[in-house]
Amino acid sequence: MKKAIIFATLISTICGFIFVFDVAKATAQQPQQLTFEGKSIVVEVPDGGRKCSVTYGQNPVISNLDGSTPSDLTACVGGELYKPVAGKVTIPRNEVTGYWCFKGSKDSYAINFPFENGTRGYKLWFSKERTETPFINVKMFGAKGDGVTDDTDAIKNAIAFVAARQGATLYFPNGQFLVGGNGEFKGLGLPSGITVLGASSLPQGGLHNYFESKQYTQIKVAKPNQRVFRIGECTSDVKLQNIALKADSNQGTYGIEAVGAGGGTPSTQMNFQDVSFEGFDIGFYAHNSDTKFATWQFDFVRVQHCYFLYNRTAGIWVDSYNTDWNISSSTFLLPSVSATSPSDGIKLARAGTIMIESTFGGGLGFTNQRGGDFLEVEVAGTLTVMNSGSERATTSIKYGAAPYSGGRSYPLTLVNNIFGDPIDLHSIIFVSMGNTYGAKTVQADARTQIYSTGDRFCYDATQGFAPNENPPRYPCSGKTNDGANGFQGAGKIIFQTGQPLDVSQQNPSIRVEARPTIIGTETRFDAPVQLAPFAFNKLPAAAPAGTMIFCTDCQKNSSPCKAGGTGTLAVSIGRQWDCK
């Protein structure tokens with residue numbers, strides 16, 4: 001009896017093990033359900049403005065990549081699947097947020113949004129598990145980057161995927177990605193939160209000693225009137241870094257176009273670093289769709305370490321009052337200026353607060369021709385240029401030229417720059433500190449007010465323009481009203497500090513021989529003023545009329561001054577010194 005019980009127990013135990021083993025095997029063979037989620041959106045920047053660039057569609061339709069109907073989809077928690085109708089599986093979305101979610105066994109599916117037409121409307125969609133990393137490689141979506149294949153649809157697909165995740169880094173590996181070849185193409189719309197990151201932004205302008213290679217990331221448009229990227233309204237936190245943008249045509253092409261309407265929703269926090277713009281009509285064009293008001297807020301824009309190479313009209317063109325930019329450590333190489341090629345570096349048609357620092361530009365490689373204007377301004381708010389310069393340009397700076405009146409509400413401030421090409425100023429408060437100019441560089445009209453501290457218009461004779469240059473290219477003559485140096489035109493000098501004839505000389509008379517300090521308005525002193533002391537036999541022989549000094553041993557009320565007194569005020573009148 002005991003043997004029977006033991007045998008039965010053993011059989012039961014064995015059967016139990018067999019049962020457990022079969023269940024585990026069945027579980028292991030069952031396909032893993034992966035999560036797919038997103039939003040029914042499309043990123044297209046409208047031309048008219050007052051509309052966000054991200055719009056929401058209807059319930060997405062799911063299919064396998066070969067077009068067949070998936071049979072293993074399940075709903076996410078709290079959701080449902082619509083039953084297949086006519087071979088299609090539709091996923092319901094949240095009516096407010098546009099969010100949808102489902103589970104499937106495959107690594108990817110094709111998703112079609114109803115507002116898109118035809119096969120070109122489908123999006124390749126990957127599982128949440130595969131794309132948990134913040135870096136999304138554009139080649140996952142079929143982009144080739146071989147310089148031959150049109151990658152427009154693949155890149156649009158990748159951008160839509162990033163937009164549905166509310167931001168991520170879209171990575172472009174080395175290669176040349178062609179866009180715009182299929183049908184009408186206005187540009188790749190950029191959503192909020194996207195970072196477009198390339199492997200390298202090395203331009204192909206012949207300014208380096210490399211053979212042309214694919215060891216850089218370039219996105220190129222080949223036809224006129226196309227843009228690479230577009231930014232519309234309701235967009236924030238967009239970054240482009242380490243990528244080259246190029247155009248085969250300079251007719252109506254833009255590397256980046258930012259466009260919105262006055263009164264529309266602002267777009268802010270834009271960052272562009274190590275991006276090159278080559279061969280476009282305009283490299284970066286930020287403007288209003290309605291030119292009447294021009295108040296769309298495209299704000300807090302930072303351009304850093306960027307390279308603008310041979311763009312026909314301008315490297316950067318800004319046309320909106322409500323926009324603030326910081327442009328730093330960038331270079332503008334200008335093509336030869338002509339009637340059809342304005343060839344500006346930076347054009348501010350209408351702008352807010354602008355800071356330009358450590359930025360250089362000008363023409364390159366032209367024997368008898370120059371580039372356009374390094375900086376052309378029609379109307380702007382506070383504009384500051386620091387530690388920058390230009391050469392071989394038509395003008396270094398052109399501000400407020402007719403028919404534009406400029407404006408004295410905001411100053412143009414230049415600090416520690418080198419400009420040898422003309423500067424043309426109209427109706428502006430001009431604050432200049434520590435700059436080096438060439439002879440007759442600054443031309444100012446009668447409506448311009450000038451405040452100058454520490455500016456140089458010439459070079460000391462003992463030093464020259466370069467250590468081995470003697471005499472210097474622009475020598476300091478020492479004459480108070482030397483027409484070859486200083487500010488030119490009818491501009492009103494409100495304040496200008498003086499410059500000695502030669503900083504190496506130790507001569508007391510240098511204080512009156514060199515360019516004087518000028519105060520161009522009524523002056524009030526709220527403390528005692530001490531005039532320079534001179535003995536009678538040291539009075540300068542040719543002081544300009546109106547010069548005042550304190551003669552330490554002159555007699556009072558003598559005209560001309562006489563020695564033998566206890567000291568008095570001396571004034572230069574009619575080429576002689578009169579003592580008061």
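Please treat every number below as a calculation from the coordinates, not as lab data. The structure presented is a predicted model; accordingly, all values stated were derived computationally and were not measured. All Cβ positions, even for glycine, are placed from backbone atoms using ideal geometry, and neighbour counts span all protein chains on display.
Brief remarks follow.
- The stretch 333-379 shape via C-alpha gyration tensor axes, a/c threshold 1.5: oblate
- At full extension, S249 and Q32 could sit 73.1 nm farther apart than now, given 0.36 nm per residue minus the alpha carbon distance.
- When the P(r) of the stretch 224-344 is calculated, the portion above 21 Å amounts to 35% of the C-alpha pairs.
- Computed from the C-beta positions of A535 and R456, the FRET efficiency with R₀ = 25 Å rounds to 0.20.
- Across K144/K239; K492/K556; K88/K239; K39/K220; K51/K88, pairs whose alpha-carbon gap is larger than 27 Å: K492/K556; K88/K239; K39/K220; K51/K88
- Surrounding net charge for A446, when Lys and Arg each add one and Asp and Glu each subtract one, Cβ distance under 15 Å: +1
- Label-to-label distance, N174 versus D146, with points set 7 angstrom from Cα along the beta-carbon direction: 1.8 nm.
- If you take the Cα centroid of the stretch 294-345 and the Cα centroid of the stretch 48-62, the two points sit 31 Å apart.
- Distance (nanometres) between label positions extended 7 Å along Cα→Cβ at I418 and N326: 2.6 nm
- log10 of Debye I(q)/I(0), alpha-carbon scatterers only, for the stretch 533-579 at 0.13, 0.14 Å⁻¹: -0.20, -0.23
- In this simple spin-label approximation, Y99 and A439 carry label points 7 Å from Cα along the Cα→Cβ vector, and these lie 7.2 nm apart.
- For V337, the amide hydrogen comes within under 5 Å of the amide hydrogens of R370, G371, G372, counting only partners 5 or more places away or on other chains and with H modelled in the peptide plane.
- A straight Cα-to-Cα reach below 12 Å connects K123 with the aspartates and glutamates D153, residues fewer than 8 places away in its own chain not being considered.
- Within straight-line reach of K103, meaning a Cα separation under 19 Å, sit the following aspartates and glutamates at least 8 residues removed in sequence or on another chain: E37, D66, D72, E80, E129, E132.
- Net lengthening on full extension, Q576/Q269 (0.36 nm per residue, minus Cα-Cα): 104.0 nm
- Ranked packing of 314-324, 421-431, most packed first, by mean Cβ within 10 Å: 314-324, 421-431
- 15 Å Cα-Cα reach of K398 towards aspartates and glutamates, excluding residues that sit fewer than 8 places from it in its own chain: D344, D373, E376, E378, D421, D424, D445
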